[in-house]
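**Student:** Dropping a structure here in C-alpha cells format, bear with me for questions.
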C-alpha cells in the first residue's frame, strides 16, 4: 500500500511537464531542427522553461525544434512565453488581426467597436461585425429596413437610417401591374395604367419615359426641384442632401436638376458652383441659396491649386459661405520656389507632401493637425494639396490619385478630395474587384454602389468632361458623398433613346 505514495511525486511532475507542452530530457539542449512533438511525446528540452528552443507545430503534432524569436502573427508561440500570437490585438477588442483567436480575423484592428461576432451591426454604412455585409442594421425594428442613404449627414445616428418598409426602399413589393409612386407620402404602389417602357405607350416628344416607373415626364431646366433623372434636361437630379439643400426650397422635392461643376464659369447665369463641404458639387441658383443661411461662395472658391495661379487652394473658414461655420476652399497666400522661401506659405507642393520653410529652403513636411500645413489639410500624417481630379496633382502623373478624405475645420469634419500617391492603378472604366485596384481607390457598379455589376474603376471628377466617353460626373454615397464618373443615364422620347 506504500508504493502509490512513492510514485505520486513522479506522476505529478510528469503531468506538469505535459501541461507545459514538453519535458526536459537528460543531456545538452538540442540543436535547431531536432524532431519533436508539441504534445509532449518528444519535446524540445527547455521549451517554456527559460531556454531558447521550442517545438514548432507542423502537421499532426510532428514538428522540429526552433529557436525562440520575436512574436509574429502566425498561430505559434514564437517568443516561448506560453501564449500564441500575443500582442496582435491593437484595439483591445479580444480579436486578433491574424485569426489566432478562434480562427476569426479582426477586419479593423484599429477600432475596438469593429470585430467578428459583434452582436449588433448598426445601420451606419459600415461593416461592424466583419461579415462582409454592409450594413446589417440589426438595430432596426422588424418592420424597418436599413438604408444608409436615407440619412447621410454626419450628425445622423444609426437609428435615423432605419426606414419603414415601403416601395421606395423595397421596389419588389409592387405587383407587375403597379409602379412605386414617389410623389405620395409614404411612397406607395399605384396602378400602372400605361407603361412607357412598352413600345405601344411610347412618350411623345418633348416628354421622356422615366425608366424607374414607366411614366412620361416633362423635362425641366436646372434649378428646379426633381425626383428622377428623367425629369432634368441635364439628365441629373442631384440629391438635395448631398448639396445640403432643404427640400422646402425645392418645391418639396428630394433633388435638384443640375450638373456637376468645377468653378462658377461651368454654371449658367444666376448660378454658382456650390460645394458645401459634403464632397458633392453642383450648379445651384443663388436665389435658392438665399432662401436659407447658406450665403454664396466667395469669388475665388476653388478645389484645386491649379486654378489659383501663384497661390494655394487652401482650406479655411468663411462665415458668409458656410452653414454652421463650415470650411471652404479658396485661394490663399503666395507661393514661391523650392529653392528659396521666406515663410511656410512660400513653398510649393511635392509628391505626396507639402512643404515647410526652414532656413530659407522649402522642406518636406509631416503633420498631426491642420494648422501644421500651409493648405490646412492634414491626412495620413502628411500635408496634402487639394484636387478635383488626378491630373491636377503635382509630381509624377502616373502615380497621382485624387481621393476623398475627412478633414477637420474648426472642430467640424467635412469631406474634400486631396492628392494622394498610390503608385498607379487601373484607370477610369477598367474592370475591378476592389477599391485598391483603382488609381482613385474607387470601384463601383453602374448605380454608384458595390452591389451591382459590372464593377469598374470610377475616377474622381468635378465636371462631365473629366469622364470623357466613360459617362457623367455624379455624387455617390460611399460612406460620405464623393464625385465620381458613372454611366450617363439613357431615356426614350418618341420611341428614340437619347441621353
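**Student:** Select from region 170-196 the residues that are part of a loop (DSSP other than H, G, I, E, B), free of Cβ contacts under 8 Å to residues at least 40 places away in the same chain and under 22 Å from residue 493 (Cβ atoms) and list them in ascending order. Let's see the steps before the verdict.
**Tutor:** Keep residues of region 170-196 that are part of a loop (DSSP other than H, G, I, E, B), which gives 170, 174-177, 182-187, 192-196.
This time we only want the ones that are free of Cβ contacts under 8 Å to residues at least 40 places away in the same chain, so: 170, 174-177, 184-187, 192-195.
Of everything in region 170-196, those that are part of a loop (DSSP other than H, G, I, E, B), free of Cβ contacts under 8 Å to residues at least 40 places away in the same chain and under 22 Å from residue 493 (Cβ atoms) turn out to be 192, 193, 194, 195.
**Student:** Of all strands (runs of 3 or more DSSP E) completely enclosed by region 198-293, which ones contain at least 2 residues that are more than 29 Å from residue 174 (Cα to Cα), within 26 Å of the chain's Cα centre (by Cα) and in contact (Cβ under 8 Å) with a residue 40 or more places away in the chain?
**Tutor:** Working: elements: 208-210, 215-217, 237-239, 255-257, 271-274, 282-285.
Fully inside region 198-293 and qualifying: 282-285.
**Student:** Follow-up. Can you find, within region 140-180, the residue that is farthest from the chain's Cα centre (by Cα) among those that are surrounded by fewer than 18 Cβ atoms within 10 Å (Cβ to Cβ) and more than 23 Å from residue 123 (Cα to Cα)?
**Tutor:** Ranking the candidates gives 177 first.
**Student:** Sticking with this one: If you go through region 97-148, how many residues are under 17 Å from residue 450 (Cβ atoms), in a loop (DSSP other than H, G, I, E, B) and in contact with a helix residue (DSSP H, G or I) (Cβ under 9 Å, 6 or more places away or on another chain)?
**Tutor:** Number of matching residues: 8.
**Student:** Criterion first (modelled with pLDDT under 75 and surrounded by 19 or more Cβ atoms within 10 Å (Cβ to Cβ)) does residue 135 satisfy it? Talk me through it step by step, then tell me what you get.
**Tutor:** Details: modelled with pLDDT under 75: yes; surrounded by 19 or more Cβ atoms within 10 Å (Cβ to Cβ): yes.
It is true that residue 135 is modelled with pLDDT under 75 and surrounded by 19 or more Cβ atoms within 10 Å (Cβ to Cβ).
**Student:** Continuing with the same structure: Which of the residues belonging to region 464-487 are at pLDDT below 90 and part of a loop (DSSP other than H, G, I, E, B)?
**Tutor:** Passing the criteria: 471, 478, 479, 480.
**Student:** Go through region 182-211 and count every residue that is within 19 Å of residue 236 (Cα to Cα) and buried (at least 17 other Cβ atoms within 10 Å of the Cβ).
**Tutor:** Of the residues in region 182-211, 5 are within 19 Å of residue 236 (Cα to Cα) and buried (at least 17 other Cβ atoms within 10 Å of the Cβ).
The values are calculated or read from the model by the stated rules, or taken from the named source; none is laboratory data. Predicted model, so just to flag it, every value in this text is computed and none were measured. Neighbour counts run over all protein chains shown; Cβ positions are idealised from the backbone, glycine included.
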